[in-house]
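One structure is given below, encoded as structure tokens.
The values are calculated or read from the model by the stated rules, or taken from the named source; none is laboratory data. Only a predicted model underlies this, so the values are computations on that prediction, with no experimental measurement involved. Glycine also receives a Cβ, built like all others from the backbone with ideal geometry; neighbour counts cover every protein chain displayed.
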Number of protein chains: 2
Amino acid sequence: MELVEIFKAFGDETRIRILNLLRNDEMCVCEIETILGINQSNASRHLNKLKSTGIIDYDKKAQWVYYKMDENFIKEYPLLYEFFCKEAEKDSKCIYDLKKWNELKKCNLGCKEIEKDKENVLKQLGRVQ
Amino acid sequence: MELVEIFKAFGDETRIRILNLLRNDEMCVCEIETILGINQSNASRHLNKLKSTGIIDYDKKAQWVYYKMDENFIKEYPLLYEFFCKEAEKDSKCIYDLKKWNELKKCNLGCKEIEKDKENVLKQLGRVQ
DNA sequence: TGCTTATATTCGTTTATACTCATATAATAC
DNA sequence: GTATTATATGAGTATAAACGAATATAAGCA
């Protein structure tokens, strides 16, 4: 992959937030949607861009698509990955997103429950300190 | 500086080529212009973007502005800088640009000589293997 | 089979970025 | 002072990227 394409892939706040989530866990689209507060189409598009740049990969499990970091990317660009993780750890939005993800995991809700009760879930997540 | 702004600054081919030149030497605008084959306004704007992101810095010497890497950037983001240098070393366009820069240095031409005889200089540079 | 859920994609719109041409500024030399 | 050289900037345009709404696909489930 061209160097410039890698930088472009990282050069968007939404994608940085997605990568911050995926450096810790694998996650399906509706979870990412909920945590970032973006719509499904937008989430899917950003994931597609990261996938086509070779930064993330996915596993299909039934109707869900679980996105995760691409191991080959980490192997090929360890310095960049380490740099990214270090910076993400310090970034307030990234920290907050991970807190929301932990809350969401506690609730133990499936994608459909989240969707059905999205407003309430978002409200709850909004209270996370 | 926001992480995303740093990635955006690196996320352009012209700026990658500029940074590749500056990781080896300091250089004035007209030299960068000539090597990259872009116009003055365009070169100046890209340099400004890199400067305002804190990646490069400059020294004014008489009417020339010599751009160079910003030492604080290298200190603050050593992993990113190392990653960039490693990748640039492997990139064919970057390698070629440095060859052109070496040719240009050999000629020992000032900015005005380059400008006066730009077509010829560019032709010469085009022959570099 | 038809219905629901999860994700991807198309289309049109908006926003951001890059570019060119022309002009402005700033330093130097005469 | 004027002329020249180097660089920066303004204005307009072109290109690319991001977005939302609606639709398509694909996998489960009744």
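Quick grid of which residues meet (1) free of Cβ contacts under 8 Å to residues at least 12 places away in the same chain; (2) at the interface with chain A (Cβ under 10 Å from one of its Cβ atoms); (3) more than 12 Å from the chain's Cα centre (by Cα); (4) assigned to a loop (DSSP other than H, G, I, E, B):
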{"residue": "B:Met1", "(1), (2), (3), (4)": "no, no, yes, yes"}
{"residue": "B:Glu5", "(1), (2), (3), (4)": "no, yes, yes, no"}
{"residue": "B:Ile18", "(1), (2), (3), (4)": "no, no, no, no"}
{"residue": "B:Asn24", "(1), (2), (3), (4)": "no, no, no, yes"}
{"residue": "B:Ile32", "(1), (2), (3), (4)": "no, no, no, no"}
{"residue": "B:Ile35", "(1), (2), (3), (4)": "no, no, no, no"}
{"residue": "B:Ala43", "(1), (2), (3), (4)": "no, no, no, no"}
Can you name every residue in the stretch A:56-73 that is among the aliphatic types (A, V, I, L, M) and surrounded by 15 or more Cβ atoms within 10 Å (Cβ to Cβ)?
A:Ile56, A:Val65, A:Met69
Would you check if A:Lys68 is over 24 Å from B:Cys85 (Cα atoms) and at pLDDT below 95?
no
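Quick one: is A:Ile16 buried (at least 19 other Cβ atoms within 10 Å of the Cβ), in contact with a helix residue (DSSP H, G or I) (Cβ under 8 Å, 6 or more places away or on another chain) and closer than 24 Å to A:Met1 by Cα?
Numbers: buried (at least 19 other Cβ atoms within 10 Å of the Cβ): yes; in contact with a helix residue (DSSP H, G or I) (Cβ under 8 Å, 6 or more places away or on another chain): yes; closer than 24 Å to A:Met1 by Cα: yes.
Taking the combined requirement at face value, the residue satisfies it.
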Picking from A:Lys100, A:Lys93, which residue would you name as being of a type outside the set (Ser, Thr, Tyr), over 29 Å from A:Glu2 (Cβ atoms) and in contact (Cβ under 8 Å) with a residue 12 or more places away in the chain?
A:Lys100
Within the bounds of the stretch B:69-77, is there any residue that is under 26 Å from B:Cys107 (Cα atoms) and more than 11 Å from DNA strand C (Cβ to nearest atom)?
yes
Tell me whether the stretch A:61-75 contains one or more residues that are away from DNA strand D (no atom under 16 Å from the Cβ), β-branched (Val, Ile, Thr) and within 14 Å of chain B (Cβ to nearest Cβ).
yes
